[in-house]
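See structure below.
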Amino acid sequence: MNESQFWKVVSAACGSAPEHAEEWAGRLQAELQKLPPDQIIGWNHIFDRHAAEAYTVGLWSAAYLINGGASDDGFYYFRCWLIGMGRKVFEAAVADPDSLADVVVPGVDAEAETYAAAHLAWIEVTGRSDSDPYPARNEHATLIGEDWDFEDKAQMRRRLPRLAALYLE
């Protein structure tokens, strides 16, 4: 599994349609089930690496603004959503979280619970039980960037002006 193959699976399953993110997990699992077990595991490793890469204060502040708050779990689901939006959106947002103003749909949560799709696909393809050890590791990320108060609207407007224009009064 390489980067190009990874993003092809994401594109086939998710298609950058944020208003349908609740459907992504099932579609992603179905796409992954077309692959052999080692490719599923490879896909999961790349997914975890990208989720860790997006573990930044800038993206957490964007998630907080877009979703009206973001707990630890909520921010993880946001990063799953961000990956599901595809390579172009993902890379742009990692470089500049405010670029998400081009793709968000106000009133639609930017969250997707796709984190278990590879594990479930692997179980289906291998015929193993859920209690069998899954050979993919989960990247434990360190938050990147200096923390700041996401409730501070002036800072939010300064740091994420385009998103703030969409979500703040």
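Worth a mention:
- Database remark: amide H of Thr56 closer than 5 angstrom to the amide H of Ile144 (H placed geometrically; neighbours at sequence offset of 5 or more, or on other chains; Pro and chain starts carry no H).
- Listed by chain and number, the lysines placed with their C-alpha closer than 16 angstrom to that of Lys88 are Lys8; residues fewer than eight positions away on the same chain are left out.
- By the helix-only formula, in which each DSSP H run with n ≥ 4 contributes -39500 (n - 2.57) and the sum is divided by residues, the chain has a 222 nm mean residue ellipticity of -17000 deg cm²/dmol.
- Intensity falloff of region 58-169 expressed as log10 I(q)/I(0), Debye formula with alpha-carbon point scatterers, at q = 0.13, 0.18, 0.20, 0.21 Å⁻¹: -0.56, -0.90, -1.06, -1.14
- Taking packing as the residue-averaged number of other Cβ atoms within 10 angstrom, the listed peptides 54-65, 155-166 run from highest to lowest as 54-65, 155-166.
- Only Cα pairs under 8 Å and 6+ residues apart enter the sum, and on that basis the relative contact order of region 1-56 stands at 41 percent.
- The shape of region 23-86 can be summarised by an equivalent ellipsoid whose semi-axes, obtained from the alpha carbon gyration tensor, come to 25, 13, 8 Å from longest to shortest.
- Positive-end extreme of charge dipole, region 2-151 - chosen from Gly58, Trp7, Gly107 (charges on Cβ): Trp7
We did not get these values from a lab; they are worked out from the coordinates using the rules stated. Just so you know, these numbers come straight off a predicted model, no measurement behind them. Virtual Cβ from ideal backbone geometry, glycine too; neighbours counted across all protein chains shown.
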